Amino acid sequence: MKKYFLIALIFCLSVYQAKAQIGTKERIKVYSAALEGNLIGDPAERDVTVYLPPSYQKNPESRFPVLYMLHGFTDTDSQWFGWEEHWINLQTVIEQSLAEGLSKEMIVVMPNVYNRFKGSMYASSATIGDWETFVTKELVQFIDDNYRTLAHKNSRGLAGHSMGGYGTLRLGMKYPEVYAAIYALSPCCMDGGANTNTELMAKLEAFTPDQLEGANFFEIATLAASAAFAPNPQNPPFYLDLPAKNGEPRQEVINKIIANRTLNFVDQYILNLKKLKAIALDAGLQDRGISEATKSLHEILESYQIPHFYESYEGDHLNRIAERIQTLTLPFFSKNLVFQSTLSEIIENGGTGDYPAIMATEASLPTHTVFKPQDMTQFGQKNKLPIIAWGNGACFDSPFEHVNFLNEVASHGFLVVAIGNMPKQTDVRSKSQRLLDAIDWAMAQNADPNSPYYQKLDTGKIAVSGMSCGGLQTLEVAGDPRITTIGVFNSGVLPNPGAGMPGMPQVTKDQLNNIKVPTLYLLGGESDIAYGNGMDDFNRINHVPIFVGNLDVGHGGTYAQPFGGDYAIVATQWYKWQLKGDKEAGKLFTGKKPGISKLEGWNWDKKNMD
């Protein structure tokens, strides 16, 4: 009796464990500006399947790494994720790997790249659209904005099978700032020439659009390669060039196609491959052609001394893929992606201030990077940290250009909350609202008894500052009543706001009247592209204390110099004066001959200061 009870108990526990490993999946639509206007008329709104791990719904505060999976030629995300019957069900594979303890929980995302030619090759052309931008930038940004991700490179992986394996290598080596690790399973299209078979070419030259759906594999694959790599906007109805015409090979088209074979362009991206944390590739021995090409890539990586995992195994193109994803691919990313909610790095030994600083991400604010003193126990009650919200040059969603500067400021006893992630991941423009998000977050943390910032922040002393486009973001939000001082660096309102780069805040000169607090402008002298605009702002602002400092360093300032250079010295003194009431620091800006006069190279002017 006891024996049967034990068996039943074990069975119940195993059933419970299996249920506990079940996640959820959803199929969503993601609109792509990069795919707009493609010549073959494929929709710019794409299906995307998103798998959310078991604890995603149970733990609403938790955040997860993201694995982007790329499917193969003629396949779809719907097939791979079990929305319809197929040779693989990725959700089942993921959950079996979790149940066996082989991998950790992560979000898995698969875009549908099936197009009129049954596959985009994860490439970009006028004919099919800019799939590289969609996958590496737009999709990544959408997922980070709409799901609880760990929104930084170190928690992002890329993998794919067949055409998806080719796409993994192509995108992974071209965009190492987006992904930390890549795994290519049976990657196709890595070597070889272009198909110029006379009979095939003659048939394709006479092809009509209504024949595409019934095309055999070799026919559609040839068209897909030409659409991706040899587009021709002047050649309807498919807007591509075939590798042969009228029975004669076309070497210029052949060259375009073979130039996009992985083994032919990998040498150009060796430095990028070295930026990846981990690389893996494999292929079955019976996967003829692909197996040999994968081994060749392995040998190239070895010759460049690039660490990677490679295996050639008993199997063909399909028969062991599910097993290998379950037992190798998912564990590979579980090992090589960062699963912690907080990442940190000490910059320049913490800076020169009295409070050595650290750069970190916070799980509760994954859209920003925080610079703060390493030892937070020194703060509270009478010694609280003023708050500085920072906007970046070009409105980039990363403070990568300013880490030395921001870290140095923080080391003098400030909490700096900068828009975006480190390292830089995309060229997406951030919005000015992110500055206010930083303030909202800091105030909420200060009021939360469970936060490490609880009652350690001075929420009555808040600065908003930014460089270049970030300076315009600062001016756009300058009227917020919580702000007690602003800093506009290498920036100024354009006479014609619409003339700026796309994504730039459309701030007008009239909005300068929204400034209600003491204001600091730092400019790079007459060689600074923003000099004229910044000085014009200074001349117009007559209603608040304002100081302008010019150092002849151009638009780039001194942010990247050791400890942020002269800009950090001047800005820190301003923050000490305005946010901490440090009168000694204020002497840099006050009096008939302010202290900045003693700093080499600085020119200055001020109004309403004394």
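Conditions tested, residue by residue: (1) without any contact (Cβ under 8 Å) to a residue 12 or more places away in the chain; (2) buried (at least 24 other Cβ atoms within 10 Å of the Cβ); (3) under 17 Å from Gly503 (Cβ atoms).
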{"position": "Pro373", "(1), (2), (3)": "no, yes, no"}
{"position": "Glu401", "(1), (2), (3)": "no, no, yes"}
{"position": "Gly420", "(1), (2), (3)": "no, yes, yes"}
{"position": "Asp427", "(1), (2), (3)": "no, no, yes"}
{"position": "Ser432", "(1), (2), (3)": "no, no, yes"}
* Matching residues, region 444-481, being part of a loop (DSSP other than H, G, I, E, B) and closer than 29 Å to Pro502 by Cα -> Ser468, Val477, Ala478, Gly479, Asp480, Pro481
* Structure fact -> Of the listed residues (Asp267, Asp241, Asp287), the one being at pLDDT 95 or above and under 27 Å from the mean Cα position of the chain (by Cα) is Asp267
* Looking at region 491-499, is at least one residue at pLDDT 95 or above, open to solvent by 10 Å² or more (accessible area, probe 1.4 Å), in contact with a Gly (Cβ under 6 Å, 6 or more places away or on another chain) and among the aliphatic types (A, V, I, L, M)? -> no
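Okay, residues lined up against (1) under 13 Å from Ser364 (Cα atoms); (2) modelled with pLDDT of 95 or more; (3) over 21 Å from the mean Cα position of the chain (by Cα):
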site: Ser432; (1), (2), (3): no, yes, no
site: Ser451; (1), (2), (3): yes, no, yes
site: Gln455; (1), (2), (3): no, yes, yes
site: Thr459; (1), (2), (3): no, yes, yes
site: Ile462; (1), (2), (3): no, yes, yes
site: Gly466; (1), (2), (3): no, yes, no
site: Cys469; (1), (2), (3): no, yes, no
site: Gln473; (1), (2), (3): no, yes, no
site: Asp480; (1), (2), (3): no, yes, yes
* Quick one: Leu301 ticks every box in (1) modelled with pLDDT of 95 or more; (2) open to solvent by 50 Å² or more (accessible area, probe 1.4 Å) bar one, so which box is it? -> (2)
* Structure fact -> Subset of region 290-314, residues among the aromatic types (Phe, Trp, Tyr) and farther than 19 Å from Asn336 by Cβ, comes to Tyr304, Tyr313
* Cβ-Cβ under 8 Å pairs, at least 6 apart or on other chains, region 518-536 side within 24 Å of Trp577 (Cβ to Cβ), far side among the charged types (D, E, K, R) and open to solvent by 10 Å² or more (accessible area, probe 1.4 Å) -> Gly524/Asp552; Gly525/Asp552
* Would you pick out the residues in region 176-210 that are over 24 Å from Val135 (Cβ atoms), open to solvent by less than 40 Å² (accessible area, probe 1.4 Å) and either part of a loop (DSSP other than H, G, I, E, B) or polar (S, T, N, Q) (or both)? -> Ala194, Phe207
* **Residue ID - farthest from Asn514 (Cα to Cα), chosen from residues in region 524-564 that are open to solvent by less than 10 Å² (accessible area, probe 1.4 Å) and not in a loop (DSSP other than H, G, I, E, B)** => Gly564
* Asked: Taking region 60-106 on its own, how many of its residues are open to solvent by 20 Å² or more (accessible area, probe 1.4 Å), outside any helix (DSSP H, G or I), touching a Lys or Arg at 6+ places or on another chain (Cβ under 7 Å) and closer than 26 Å to Gly172 by Cα?
  -> 3
* Give the residue that is modelled with the highest pLDDT, with candidates limited to residues of region 369-404 that are of a type in the set (S, T, N, Q), out of contact with any helix residue (DSSP H, G or I) (no Cβ under 7 Å at 6 or more places or on another chain) and over 17 Å from Pro356 (Cα atoms). => Ser398
* Does Lys461 satisfy being touching a residue at least 12 places away in the same chain (Cβ under 8 Å), crowded, with 18+ Cβ neighbours inside 10 Å and of a type in the set (Lys, Arg)? -> yes
* Take the residues in region 129-167 that are part of a helix (DSSP H, G or I) and hydroxyl-bearing (Ser, Thr, Tyr), then tell me which one is most open to solvent (accessible area, probe 1.4 Å). => Thr133
* Asked: in contact with a Gly (Cβ under 6 Å, 6 or more places away or on another chain) and not in a strand (DSSP E or B) - does that describe any residue in region 582-595?
  -> yes
* To do: Show the residue pairs that are 6+ apart or on different chains and have beta-carbon atoms under 6 Å apart, the first residue being within region 136-151 and within 16 Å of Leu171 (Cβ to Cβ), the second being part of a loop (DSSP other than H, G, I, E, B) and of a type outside the set (A, V, I, L, M).
  => Thr136/Tyr175; Lys137/Thr426; Glu138/Ser32
* Only one of these is closer than 30 Å to Val403 by Cβ, at pLDDT 95 or above and out of contact with any Leu (no Cβ under 7 Å at 6 or more places or on another chain): Asp316, Asp354. Name it. => Asp354
* Do we find that Glu36 is modelled with pLDDT under 95, assigned to a loop (DSSP other than H, G, I, E, B), of a type in the set (Asp, Glu) and open to solvent by 50 Å² or more (accessible area, probe 1.4 Å) in this structure? -> no
* **Glu323 without any contact (Cβ under 8 Å) to a residue 12 or more places away in the chain, open to solvent by 40 Å² or more (accessible area, probe 1.4 Å), farther than 25 Å from Pro505 by Cα and of a type outside the set (A, V, I, L, M, F, W, C)** => yes
* With the checklist (1) closer than 19 Å to Leu35 by Cα; (2) of a type in the set (Phe, Trp, Tyr); (3) more than 25 Å from the chain's Cα centre (by Cα); (4) surrounded by fewer than 24 Cβ atoms within 10 Å (Cβ to Cβ) in hand, flag the one item Tyr114 doesn't pass. => (3)
* Structure fact -> Here the residues within region 570-588 that are free of Cβ contacts under 8 Å to residues at least 60 places away in the same chain and either closer than 17 Å to Pro545 by Cα or crowded, with 19+ Cβ neighbours inside 10 Å (or both) are Val570, Gln573, Trp577, Gly581, Asp582, Lys583, Ala585, Gly586, Lys587, Leu588
* Among the listed residues Asp448, Asp480, which satisfies the condition of being among the charged types (D, E, K, R) and open to solvent by 40 Å² or more (accessible area, probe 1.4 Å)? -> Asp448
* Can you name the residue in region 305-314 that is assigned to a loop (DSSP other than H, G, I, E, B) and either within 32 Å of the chain's Cα centre (by Cα) or on the phi > 0 side of the Ramachandran plot (or both) and, of all such residues, is surrounded by the fewest Cβ atoms within 10 Å (Cβ to Cβ)? -> Gln305
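The values are calculated or read from the model by the stated rules, or taken from the named source; none is laboratory data. Predicted model only: the values in this text are computed from it and were never measured. With ideal geometry, Cβ positions are generated from the backbone for all residues, glycine too; neighbour counts draw on all protein chains shown. Note: accessible area is taken over every heavy atom of the protein model, side chains too, but ligands, DNA and RNA are not part of it. Shrake-Rupley method; radii C 1.70, N 1.55, O 1.52, S 1.80 Å.
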